[in-house]
Amino acid sequence: MSCTYHIANRGIADPDIWWHLRNAEYLLKTHHFIRADMYSYTVNGLPWINHEWLAEIPYYCAWRMWGLQGIFLVMICLIEAIMLGTYYLGYMAGGNAKSAFLASWIAMFLATVSFGPRTLLFGWAYLIILLAVLWRYRQRGEGPLWVLPPLFLLWVNSHGSWLIGMVVLWIFIVSGLFSGMGDAAKAMRWRAAQLKGLLRAAAFSMLALFVNPYGYRLVLYPFDFAFRQNLNVSNVEEWASVDFHGLRGKILLASVVVVLVMKVIRKQQWSLESLALFVFALYASVTYSRFLFLAGIIFTPLLAVSLDMIPAYRQEKDKPLINAAFMMAALLFVALRFPSESSLEADIQNVYPGPAVAALQALVRQNPGPVMHDYLWGGYMIWQCRDVPVFIDSRVDIFEYNGIVKEYFDFTNLRNSFEILDKYKVRYALLEKDSAQAYLLAHVSGWRVVYSDRVATIFERVP
């Protein structure tokens with residue numbers, strides 16, 4: 001746990017967390033769900049659904065109670081719970097605590113792709129619960145399937161990754177429709193009562209998806225994302241294919257090699273659902289690096305079984321005092337490493353233009369006008385610069401639907417930059433100090449620098 005804590009302790013400077021906080025604040029103060037954009041001047045008033053509203057509330061409540069430390073606490077608790085759950089899945093599969101521990105370490109390194117104060121963490125936590133229930137049902141022929149409908153109800157209101165959970169559920173159901181043994185896998189047919197229980201749970205789970213404030217539109221959102229948000233998927237780093245030159249790509253490749261080599265050497269026969277889950281997670285993680293987290297969770301049981309030649313835990317050799325000492329040392333490490341409010345704020349100011357935003361707010365109050373700014377700073381402005389509408393932020397969906405994402409990329413790639421500034425009558429530009437756009441505006445007439453620091457520069461249009 002302390003190692004996970006050390007790796008996850010990277011601050012909370014995520015571009016989404018700021019508008020998540022603003023959304024939750026609006027919901028809890030007004031008791032109304034957001035149904036249209038309220039933060040921008042480019043798509044203001046157009047329909048928008050807040051598909052992660054439930055997962056935003058814990059972060060906001062923690063911020064209200066403990067400030068930035070509260071946000072960090074929610075994040076670290078979620079990550080620790082997911083990693084412990086991943087370890088438990090490995091232990092369920094092989095019954096070897098040591099091999100499960102080693103496998104969960106590999107999962108932890110893959111999971112770092114999504115470490116941060118993100119609503120996605122709730123989705124991965126729900127996936128752990130789903131897998132634990134389904135594996136228990138498969139191993140014992142019984143399990144708490146009643147958990148699944150309320151689980152999917154929470155999931156659909158927290159994050160669009162519920163669709164992954166539904167795919168996993170149906171992989172288990174369909175795999176049990178076959179029986180037989182092959183070279184790659186063995187299939188074991190569900191008994192009639194088991195299949196009936198699974199189908200009932202799946203039916204109620206699908207109905208539970210529609211228990212949300214936006215109805216069918218929220219259920220359709222993951223499909224909308226997949227088929228309509230092409231610029232988002234093709235330009236955001238975490239939606240890129242896995243980089244096998246990077247550490248996470250090499251760990252993924254090594255994991256696959258270990259699992260397959262051990263399968264051949266030890267003549268292991270996977271269950272059909274294990275094979276299907278492996279193929280699903282491998283394809284998803286190679287295609288989109290965001291799903292390396294998924295691969296870490298799915299691969300852990302397979303790795304734990306592959307590495308179960310490691311001597312198992314033996315209680316008679318246990319050293320309670322030494323274990324207690326290690327636990328105390330780990331708790332002390334966590335306590336000493338817990339970041340202060342000032343250190344979290346300092347990390348944020350290394351990424352976001354805090355002083356520049358304050359200066360911009362003063363300028364806009366004195367001489368109002370639209371602002372062009374960096375995409376990753378939009379959420380921060382929504383939270384910290386409330387009376388200045390943004391051009392764009394990381395709620396990419398609504399901006400892509402209305403052509404704003406394309407125009408923003410044209411601006412940043414210096415294609416029709418001045419035409420776009422003129423179209424929206426932009427008066428101020430808040431830009432990263434060393435960006436190409438800042439260089440352009442600094443070397444043309446019609447714009448002047450009114451503020452600059454090590455992070456950002458503010459330009460004002462010259463009348």
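Among residues belonging to the stretch 128-150 that are aliphatic (A, V, I, L, M) and either over 30 Å from A24 (Cα atoms) or without any contact (Cβ under 8 Å) to a residue 40 or more places away in the chain (or both), point out the one that is surrounded by the fewest Cβ atoms within 10 Å (Cβ to Cβ).
Residues of the stretch 128-150 that are aliphatic (A, V, I, L, M), as a first pass: 128-134, 145, 147-148.
Checking the rest, the ones that are also either over 30 Å from A24 (Cα atoms) or without any contact (Cβ under 8 Å) to a residue 40 or more places away in the chain (or both) come to 130, 132-134, 145, 147.
Numbers: L130: 23, A132: 17, V133: 20, L134: 23, L145: 19, V147: 15.
So the residue we want is V147.
Just to confirm my filter: which helices (runs of 4 or more DSSP H) fall fully inside the stretch 395-454 and include at least 2 residues that are loosely packed, with under 14 Cβ neighbours inside 10 Å, modelled with pLDDT of 95 or more and of a type outside the set (F, W, Y)? Full working, then the answer.
Numbers: elements: 396-401, 404-412, 417-423, 436-442.
Filter on the stretch 395-454 gives 417-423.
Picking from H31, H20, H51, which residue would you name as being more than 22 Å from the chain's Cα centre (by Cα) and either without any contact (Cβ under 8 Å) to a residue 60 or more places away in the chain or buried (at least 17 other Cβ atoms within 10 Å of the Cβ) (or both)? Step through it out loud before you land on a result.
On the way: H20 fails: more than 22 Å from the chain's Cα centre (by Cα); H51 fails: more than 22 Å from the chain's Cα centre (by Cα).
Answer to the check: H31.
Conditions: (1) within 27 Å of F225 (Cβ to Cβ); (2) in a helix (DSSP H, G or I). F101 meets all but one. Number of the miss?
Among (1) within 27 Å of F225 (Cβ to Cβ); (2) in a helix (DSSP H, G or I), F101 violates only (1).
With the condition kept exactly as written, say whether any residue in the stretch 273-287 is buried (at least 18 other Cβ atoms within 10 Å of the Cβ) and farther than 20 Å from I128 by Cα.
Within the stretch 273-287, one or more residues are buried (at least 18 other Cβ atoms within 10 Å of the Cβ) and farther than 20 Å from I128 by Cα.
Looking at A93, A111, which one is within 19 Å of L272 (Cβ to Cβ) and in contact with a Ser or Thr (Cβ under 9 Å, 6 or more places away or on another chain)?
Values: A111 fails: within 19 Å of L272 (Cβ to Cβ).
Criteria check complete, one pass: A93.
L231 is checked against (1) of a type in the set (A, V, I, L, M, F, W, C); (2) more than 30 Å from K406 (Cβ to Cβ); (3) touching an Asp or Glu at 6+ places or on another chain (Cβ under 6 Å) and fails just one. What number does that condition carry?
Condition not satisfied by L231: (2).
Which one of these is surrounded by fewer than 18 Cβ atoms within 10 Å (Cβ to Cβ) and assigned to a helix (DSSP H, G or I): R64, R10?
The unique qualifying residue is R64.
Count, please, the residues in the stretch 343-369 that happen to be in a loop (DSSP other than H, G, I, E, B) and either over 23 Å from I12 (Cα atoms) or free of Cβ contacts under 8 Å to residues at least 40 places away in the same chain (or both).
So the first thing to find is which residues in the stretch 343-369 are in a loop (DSSP other than H, G, I, E, B), and the list is 352-353, 367-369.
Then keep just the ones that are either over 23 Å from I12 (Cα atoms) or free of Cβ contacts under 8 Å to residues at least 40 places away in the same chain (or both); that gives 367-369.
Of the residues in the stretch 343-369, 3 are in a loop (DSSP other than H, G, I, E, B) and either over 23 Å from I12 (Cα atoms) or free of Cβ contacts under 8 Å to residues at least 40 places away in the same chain (or both).
Within the group L153, L199, L195, which residue is surrounded by 19 or more Cβ atoms within 10 Å (Cβ to Cβ) and either acidic (D, E) or assigned to a helix (DSSP H, G or I) (or both)?
Values: L199 fails: surrounded by 19 or more Cβ atoms within 10 Å (Cβ to Cβ); L195 fails: surrounded by 19 or more Cβ atoms within 10 Å (Cβ to Cβ).
Only one candidate passes the filter, namely L153.
Taking the stretch 166-202 as the region of interest, how many residues are touching a residue at least 40 places away in the same chain (Cβ under 8 Å) and small (G, A, S)?
Adding up the residues that qualify gives 8.
When you look at F122, is it under 12 Å from the mean Cα position of the chain (by Cα) and either closer than 30 Å to P15 by Cβ or surrounded by fewer than 18 Cβ atoms within 10 Å (Cβ to Cβ) (or both), yes or no? Let's see the steps before the verdict.
On the way: under 12 Å from the mean Cα position of the chain (by Cα): yes; either closer than 30 Å to P15 by Cβ or surrounded by fewer than 18 Cβ atoms within 10 Å (Cβ to Cβ) (or both): yes.
Considered against the rule, which asks whether it is under 12 Å from the mean Cα position of the chain (by Cα) and either closer than 30 Å to P15 by Cβ or surrounded by fewer than 18 Cβ atoms within 10 Å (Cβ to Cβ) (or both), F122 comes out as yes.
Taking the stretch 156-192, which residues are among the small types (G, A, S) and either part of a helix (DSSP H, G or I) or within 21 Å of the chain's Cα centre (by Cα) (or both)?
We begin by selecting, within the stretch 156-192, every residue among the small types (G, A, S); these are 158, 160-161, 165, 175-176, 179-180, 182, 184-185, 187, 192.
S158, G160, S161, G165, S175, A192 - these are the residues of the stretch 156-192 that are among the small types (G, A, S) and either part of a helix (DSSP H, G or I) or within 21 Å of the chain's Cα centre (by Cα) (or both).
Quick one: how many residues across the stretch 328-366 are exposed (fewer than 14 other Cβ atoms within 10 Å of the Cβ) and either among the charged types (D, E, K, R) or more than 21 Å from G379 (Cα to Cα) (or both)?
So the count comes out to 11.
Looking at M92, M75, which one is out of contact with any strand residue (DSSP E or B) (no Cβ under 6 Å at 6 or more places or on another chain) and either modelled with pLDDT of 95 or more or surrounded by 20 or more Cβ atoms within 10 Å (Cβ to Cβ) (or both)?
On the way: M92 fails: either modelled with pLDDT of 95 or more or surrounded by 20 or more Cβ atoms within 10 Å (Cβ to Cβ) (or both).
So the residue among M92, M75 that is out of contact with any strand residue (DSSP E or B) (no Cβ under 6 Å at 6 or more places or on another chain) and either modelled with pLDDT of 95 or more or surrounded by 20 or more Cβ atoms within 10 Å (Cβ to Cβ) (or both) is M75.
For W155, only one of the following conditions fails: (1) free of Cβ contacts under 8 Å to residues at least 60 places away in the same chain; (2) over 25 Å from A24 (Cβ atoms). What is its number?
Status for W155: all satisfied but (2).
The values are calculated or read from the model by the stated rules, or taken from the named source; none is laboratory data. What you see is a predicted model; the values in this text were computed from it and never measured. For neighbour counting, all protein chains shown are included, and Cβ atoms are generated from backbone atoms with ideal geometry for every residue, glycine included.
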